[in-house]
There are 4 protein chains.
Amino acid sequence: MSKRIGILTGGGDCPGLNGVIRAVVLHARNTHGWETVGIRNGFEGLYEQQYVDLDPAKVQTILARGGTMLGSSNRANPFGYPLRMPDGRVEIHDVSSRCIANLERLDLQGLVVVGGDGTMSFGQKFIEKGATRIVGVPKTIDNDLEATDYTIGFQTAVEVVVEALERLATTAESHERIMIVEVMGRYAGWIALTAGLAGGAHVVLVPEIEYDIDKVIAAFNRRSARGVSYSIVVCAEGAKPKGGDYAVAVKGDVTKQDKLGGAGQRLAEVITERTEYEVRTTVLGHIQRGGTPCAFDRELATRFGVKAVDLIASGQFGHVAALENNKLVGKPIAKAVKKLKLVDPHGELARSARAVGIELGD
Amino acid sequence: MSKRIGILTGGGDCPGLNGVIRAVVLHARNTHGWETVGIRNGFEGLYEQQYVDLDPAKVQTILARGGTMLGSSNRANPFGYPLRMPDGRVEIHDVSSRCIANLERLDLQGLVVVGGDGTMSFGQKFIEKGATRIVGVPKTIDNDLEATDYTIGFQTAVEVVVEALERLATTAESHERIMIVEVMGRYAGWIALTAGLAGGAHVVLVPEIEYDIDKVIAAFNRRSARGVSYSIVVCAEGAKPKGGDYAVAVKGDVTKQDKLGGAGQRLAEVITERTEYEVRTTVLGHIQRGGTPCAFDRELATRFGVKAVDLIASGQFGHVAALENNKLVGKPIAKAVKKLKLVDPHGELARSARAVGIELGD
Amino acid sequence: MSKRIGILTGGGDCPGLNGVIRAVVLHARNTHGWETVGIRNGFEGLYEQQYVDLDPAKVQTILARGGTMLGSSNRANPFGYPLRMPDGRVEIHDVSSRCIANLERLDLQGLVVVGGDGTMSFGQKFIEKGATRIVGVPKTIDNDLEATDYTIGFQTAVEVVVEALERLATTAESHERIMIVEVMGRYAGWIALTAGLAGGAHVVLVPEIEYDIDKVIAAFNRRSARGVSYSIVVCAEGAKPKGGDYAVAVKGDVTKQDKLGGAGQRLAEVITERTEYEVRTTVLGHIQRGGTPCAFDRELATRFGVKAVDLIASGQFGHVAALENNKLVGKPIAKAVKKLKLVDPHGELARSARAVGIELGD
Amino acid sequence: MSKRIGILTGGGDCPGLNGVIRAVVLHARNTHGWETVGIRNGFEGLYEQQYVDLDPAKVQTILARGGTMLGSSNRANPFGYPLRMPDGRVEIHDVSSRCIANLERLDLQGLVVVGGDGTMSFGQKFIEKGATRIVGVPKTIDNDLEATDYTIGFQTAVEVVVEALERLATTAESHERIMIVEVMGRYAGWIALTAGLAGGAHVVLVPEIEYDIDKVIAAFNRRSARGVSYSIVVCAEGAKPKGGDYAVAVKGDVTKQDKLGGAGQRLAEVITERTEYEVRTTVLGHIQRGGTPCAFDRELATRFGVKAVDLIASGQFGHVAALENNKLVGKPIAKAVKKLKLVDPHGELARSARAVGIELGD
């Protein structure tokens, strides 16, 4: 039997996962003569031994396809895995040793783990428990990994948000409204800030900068004073007002707090309370992470997949493929998952936003 | 002074309005030598005398632009118009006579009123009060006017929904989820049914067919039994369960009813209550009615605008431009606003949906 | 063995073919319990007995995919079929009897033939030779079949052309150029005229109207006189100057004629000869007929596929599915292929074009 | 009178120019209180004194718009400027001193010159002649400037090419054809290679690697032997066969050479001569450089524009804004224009292409 490698995708899906899978399969076969086995549904598939043999024909047309052909799973954590017992109850177990045993039985040259923070940290723990032949490909729509300039899926999310901003802008303008668009980004505001810059937003609120609601409203008023009666606000889902307390923002009415929804909806409530502007909120949600990747992500996914196989071939286990100053390098997984990359409130991107008149609320 | 005509756009905006304005301005000038005056913000602009002179240069690049360059307004009803009094209170007044007087002062060959149901019915009342030189262009994103095969904006909304369905499908598939997409359509399910057909949805719920939640769940189960663990549901905002009572659907817990959101959110709640499927809801909202029109709507908008000027030129006042069996005709406004065009549960479109396996819940 | 039907796609591919195949397979199975056999590569596959069993799983994800999963072929004509002899020569043979024998051996409830003019006429001849259980779905990117309001693929082509026009317009404007865009349409100008209307073109040249080059140049000059130094020309590949003689158009230099390329290139040569405008030509070519169908075509393809199965189920053999006044009907194949639907130079679409200032060259 | 700066755009247009103009105007006004004067049509406008005052309102909606609102010109070279004499003849003159005098009369804090190689070198010469207050923004669709990681317009071109590849792939597949797509890139193959990687091409030919036609044909044959009868070739307009001599490639028929068209057409001829594959060529042409910029380019254009104003404000004249390892920096113009950035045949991008099975012809 010829040698082979494995691949699994974990965590939330994003555009580009299939491009990684395709590149891994093609490079392994073309360059090294290795077969590739796909492990379905992330670590669940490793535990349940759900495997699929991959070959060039199977990955032929997936480069342009969103999602992951291998599936993902909510039973993602092998160290705290929900097992359904015969009596119907669900118990949480550590199944990592069983996973590692299954992995050994597969007898792979190496395993490519594609995932974000969580998936990577499980990979790291596997290595520490002796399953050393693991390499990683970083994936998060939020682009918040310190290890790499770009993660796959991020640029597609930005393109989707910018297209939505364009669609919403014409309505906002026609009806003279404040249009709030809530986008992904619980801890990091990269999608909000990049899309806000590219989409001509007037206010951008990110988790890294607690916003002063008075400054946000002042921005609307400045535009209004110039005769422009609409504004586009991009609001990351993790954006918070100064003090982080919405009750304060709506003037102490604590009872209100419970009824408030996401960050966009909350902001809308406050603006409506405090001004006469007509406000509408749109939560873009899952359309940001699904569908066909933009060319940038297709290219990046392909290069990441190629690099992952290179890491295996050169024995650089325990490393992730990363883009550093436009060059593909390998970086220790441990380091890659350690630290979030956050928007610097005084960095070049934030300064560029302010320079073109975007209110960041600080 | 040369002769001139007027144009106003009323109601919610939609892609194609600018195409109508452009065609009216160009045809009036090119063919008849008439100038065109734009009335801003619908009937509000007629009351407030907010006018703008339009010429070919001003409409040069608007064909591809969403929204309406003339603006729209919430103060749309001249027969019940919110007036702010000197003491700050808002009183509702009938300002129609003043509007008609302003219209007479403009001394137009004719006025093109672009709008939906509401706007058209105000136009009809103006005619009945003596302002007879009015013609109409029907506009509703919902395509629910009996008078015309297609209204502008509808096809663009369908394209936007189908693109969103594609983005959501890859995520649904990767994560084995029920993905509910709430789309526009309070009374008519044209967007939901057409987009569902074109976007490969598995369940489509429209206002015209009260759905049996058991049948909806059975559709998920049938797919699940075939090993397909995800489903896409397109749910019109006006879709209702049989009996119309959500409390019943969630097994009599009346207290729950109040907390429920829109039709998509409510459906998600019920499915979550009654099954173990993981459910996600996306409310597409305003991105369906904003942004650049698709080619179909740009063409239709242009032809409608040309026809509106033809109606004025031939003295067919009191008529709207309409598409009947692919031919442009004039139809009495009174007739155009009288009756909604609804999805026929036994018509060809619904039957085509069932034929390809779409569950309509009946 | 359960009953079954067959399907083949012939002629040039276009967006929507897969949607027809999908709907046929699903409706046959869901409604009638029939299997579907796909015949590969049009009539070539019938002669060579290249079959593939189709089922819902195989057509699951093809609705959004361009081209045809069954393939098409240049060896399309069973009445004049190129056979390679053992000595390497190619001889033309009538293989229709063999095809019909193969068809009988398949023992189908009916055969769905999806194709344009040529494919349909072969189908009609098969019927005349006794293979009567044939129904058709009309397909031509050019929308030039008298039998149906719309053919699949046409609207997608129009969307693609309009998007290209938008991209070219900004370049034309920045550089003050005449930009000629050659589009499909050898005999009928529907793509050119519809896309020209929707894309804001300034000159549209269609096969149905021989153009007067002086009028075309006069249109550029009129714009130039208004200070607008660029123009967009949409030129159908079948557009011809008055008299049809390019040599005349370029002032009698007959030797030039041979070197001239397509209709767009020729027009560019003449304009360059006779004016000082800077001219650029773009031939859109195959991108008009490939790729994902727009929502309109996905819907239409689905409805056509459903109707084709209905025609078989109701025994209406010898008919094609057609859209007549927005209703799906069956029409005799013989009638469907008899007559091209051409642009009426005095019809509403051409008049709308002139009304918004488009020069048609007549 | 308040202080002011100037801006001109030179050379071929590309998506993102308007984004630079907008950012310059907004940042100058918002941050420094400077007005901005736009110089129309590149250096022609400087000579002819065609100026336009820019303000926030004028640049409000141009971020998403392709081309350049300032226009560009073929009379681009102030050191060899075509002047029309009273007798109608055109003479070439050095008008640079007059341009510089006009520039001094404008009394600007600084001039932003947006352009490629040519435009930048004129800027550099102006500086050497004493017009020192010049800064630059690099622009070339080809991404071939050593000074910067990315130039504006490049990523949009790649997205457009990838979309075209997708449309062409389904046709190629349905008809079993070799589909050649000629893309921009006279000296550098960045568009071809990046789009080929992202678009799933099978052969990519770039100017930096003279291709061995035997290897190209062998790639088709390998696919054919696996039962895959179509291939997608991306061919940069500057791609050449080994030896650079097409006559050799078509086996010594020198007379043929003259009739051959562009690189794509020539390649098609050779393949047709030497094989039985059916070949089609598409020349994407100007659609690659027109139209709305992708989000990546809108962001980059904004950041470049902001940086250009920063360079003026900090007195870093003679520098261009550049992206170096994802950071915005200033680099000497002289250095920026000195050296083309070419695809390294042994670099990571080329190796990634080979790894996924793309034939580069070497």
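All of the numbers you see were taken from the coordinates with simple rules; none came from a lab. Source: prediction; values computed, not measured. Here the Cβ is made from the backbone with ideal geometry for all residues, glycine too, and neighbour counts use every protein chain on show.
Before moving on, here are some points about what is shown:
- Prolate/oblate/rounded label for segment A:1-65 (Cα gyration tensor, a/c 1.5): oblate
- Note, ³J(HN,Hα) from phi for segment A:150-159, Karplus 6.51, -1.76, 1.60, rounded to Hz, x at Gly and Pro: 9, 9, 5, x, 4, 5, 5, 4, 4, 4
- A compact globular protein would have a Cα radius of gyration near 2.2 N^0.38 Å; the ratio found for segment D:143-231 is 1.17.
- In segment D:258-362, GluC sites (Glu not before Pro) in a DSSP loop with at most 10 other beta-carbon atoms within 10 Å: D:276
- Among C:214, C:310, C:55: highest mean-square fluctuation, GNM of chain C, C-alpha pairs under 10 Å: C:214
- Dividing the Cα radius of gyration of segment B:267-325 by 2.2 N^0.38 Å, with N the residue count, gives 2.07.
- Cα-based equivalent ellipsoid, chain B: semi-axes from gyration tensor eigenvalues, Å: 42, 22, 17
- Between the Cα long axis of helix B:17-27 and the first principal axis of chain B there is an angle of about 30°, rounded to the nearest 10.
- From phi via Karplus (6.51, -1.76, 1.60), per-residue ³J(HN,Hα) for segment D:101-113 in Hz, x at Gly/Pro: 4, 4, 4, 5, 4, 5, 6, 9, 5, x, 10, 9, 9
- Counting DSSP beta bridges with both ends in chain C, the antiparallel % (nearest 5): 35 percent
- Compared with the dominant Cα axis of chain B, that is its longest principal axis, helix B:117-128 is turned about 30°.
- Residue A:58 paired with residue B:101, simple spin-label distance in nm, labels 7 Å along Cα-to-beta-carbon: 8.0 nm
- Rounded to the nearest 20 debye, dipole of the protein assembly as shown from Cβ charges on Lys, Arg, Asp, Glu: 0 debye
- Put a dot 7 Å past the Cα of residue C:187, heading toward its Cβ, do the same for residue A:275, and the two dots end up 6.1 nm apart.
- Interatomic Cα distance distribution for segment D:188-228, bins of 10 angstrom, percent: 28, 47, 24, 1
- Positive-end residue of B:112, B:141, B:356, charge dipole of chain B with Cβ unit charges: B:112
- Calculated over segment D:130-175: convex hull of Cα atoms, volume per residue (Å³): 90 Å³
- Remark: the residue C:128-residue C:221 segment gains 27.8 nm on full extension, using 0.36 nm per residue and subtracting the alpha carbon distance.
- Surface/4 of the Cα convex hull for segment D:1-123, nm²: 7.9 nm²
- Charges were assigned to the Cβ only: +1 to each Lys and Arg, -1 to each Asp and Glu. The resulting dipole of chain A about its Cα centre is roughly 720 debye.
- Helical runs (DSSP H, four residues minimum) scored at -39500 (n - 2.57) apiece and divided by the length of the protein assembly as shown put the mean residue ellipticity at 222 nm at -11500 deg cm²/dmol.
- DSSP bridge orientation in the protein assembly as shown - percent antiparallel, rounded to nearest 5: 30 percent
- Two-site label geometry, residue B:242 and residue D:87: point separation in nm, points 7 Å out along Cα→Cβ: 9.6 nm
- Close amide H partners of residue C:42, meaning residues 5 or more places away or on another chain with modelled amide H under 5 Å apart, are C:9.
- Helix C:263-274 axis, angle to chain C major axis (alpha carbon atoms, nearest 10°): 10 degrees
- The largest-to-smallest principal axis extents of the Cα set in segment B:298-362 are 49, 26, 15 Å.
- Contact order normalised by residue count of segment A:1-147, Cα under 8 Å, 6+ apart, percent: 27 percent
- Cα gyration tensor category, rounded, prolate or oblate, for segment C:59-113 with a/c compared to 1.5: oblate
- Amide H contacts of residue A:211: A:240, A:242, each under 5 Å away and 5 or more positions distant or on a separate chain (H built 1.01 Å from N in the peptide plane; Pro and chain starts excluded).
- Shown in residue order for segment C:194-204 are the 3J(HN,Hα) couplings computed by the Karplus curve 6.51 cos²θ - 1.76 cosθ + 1.60 at θ = phi - 60°: 5, 5, x, 4, 6, x, x, 6, 9, 9, 10 Hz (x for Gly and Pro).
- Beta-bridge orientation, segment B:60-176: approximately 40 percent antiparallel, per DSSP, counting only bridges with both partners inside.
- Square roots of 5 times each gyration tensor eigenvalue, C-alpha, the protein assembly as shown, largest first, Å: 43, 40, 40
- Backbone N atoms of segment B:330-357 closer than 12 Å to the 7 Å Cα→Cβ label point of residue C:313 belong to residues B:351-357.
- Ranked from shortest, the separations from the 7 Å Cα-to-Cβ label point of residue B:56 to its equivalents in the other copies are 3.5, 5.8, 5.8 nm.
- Once C-alpha pairs closer than 8 Å and six or more residues apart are averaged by separation and normalised to the residue number of chain B, the relative contact order reads 22 percent.
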